[in-house]
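The values are calculated or read from the model by the stated rules, or taken from the named source; none is laboratory data. Since the structure is predicted, the reported quantities are computational estimates derived from the model, not experimental observations. Counting neighbours? That spans all protein chains shown, and the Cβs are built from the backbone with ideal geometry, glycine included.
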Amino acid sequence: MATLLTRRVVGAVSSLLLATVALTGLAGPAHAEEGYQYWNYFHLENDAWAFSEVGPADYQPEDGDVEGFRYGTSTVAQGIEPRADLAEVNFDSVCADTDAADGEKRVAVLIDYGTDEGQGTPPEPRAECAAVAQDASSQQVLGEVSDVRVESGMTCALDGYPATGCGVPVKDADVPTNEEPVAFALPSDAPDGTSDAAVTSEGDDVPWVLVGLGALVVLIAAGALLMSRRNKAA
């Protein structure tokens, strides 16, 4: 009788434990991972992006390095990478037409403004090459190729995007994965042709030609008037 009672107690406890486990599994995690909407910062290492452990002001890139910035929502542990095809957008393709003087280094900078996350339409991604002093930080490099808004040591906006806010907290952060590469504007994509100064110079030629023609007309008219007076006097 005691054995039968013991079995029933054990069975009831086991059923209760199984039900608790099942309910726990259906409920999901108790705390969702929180994140931030901000400019994520990366270094290119061995042809792959490495999420920076420090801010751009505390990092000093070397000549030939590639730095990446991507605006979007991420977690503290997992950043959101620039969507560049690194076979096409790399140091060679970005800095091919940029020379460095003595005491300078060249650093390629990839800026991905991300997708629309309630901050207005983002600009198109682009890549630039900065020729800076050898001891320049990544923050100084970034300042050479972009208009940077910094608050409390944090990079808040590049080229005015986003217009407001800085490191906005996001609950239930959903970090996208396996994103398709997008096109980046390269320095070599800039249209060829004459510079603005050249255009202005060429445009200034037109008024001077008109002035010259006007002066010629005046001289011809004056000559004709003088000849007319001489003929009347004769």
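In the set (1) free of Cβ contacts under 8 Å to residues at least 60 places away in the same chain; (2) surrounded by fewer than 16 Cβ atoms within 10 Å (Cβ to Cβ); (3) in contact with a strand residue (DSSP E or B) (Cβ under 6 Å, 6 or more places away or on another chain), Gln134 fails one condition alone, (1).
Among the residues of this structure, Val66 does not count as one that is of a type outside the set (Phe, Trp, Tyr), more than 15 Å from Ser188 (Cβ to Cβ) and in contact with a Ser or Thr (Cβ under 9 Å, 6 or more places away or on another chain).
For the residues Thr194, Thr164, Thr200, Thr177, the requirement of being assigned to a loop (DSSP other than H, G, I, E, B), modelled with pLDDT under 50 and of a type in the set (S, T, N, Q) singles out Thr194. Considering only residues in the stretch 180-191 that are at pLDDT 85 or above and assigned to a loop (DSSP other than H, G, I, E, B), the one that is surrounded by the fewest Cβ atoms within 10 Å (Cβ to Cβ) turns out to be Glu180.
Hey, does the stretch 74-81 have a residue that's of a type in the set (A, V, I, L, M, F, W, C) and surrounded by fewer than 21 Cβ atoms within 10 Å (Cβ to Cβ)?
Yes, that holds for at least one residue.
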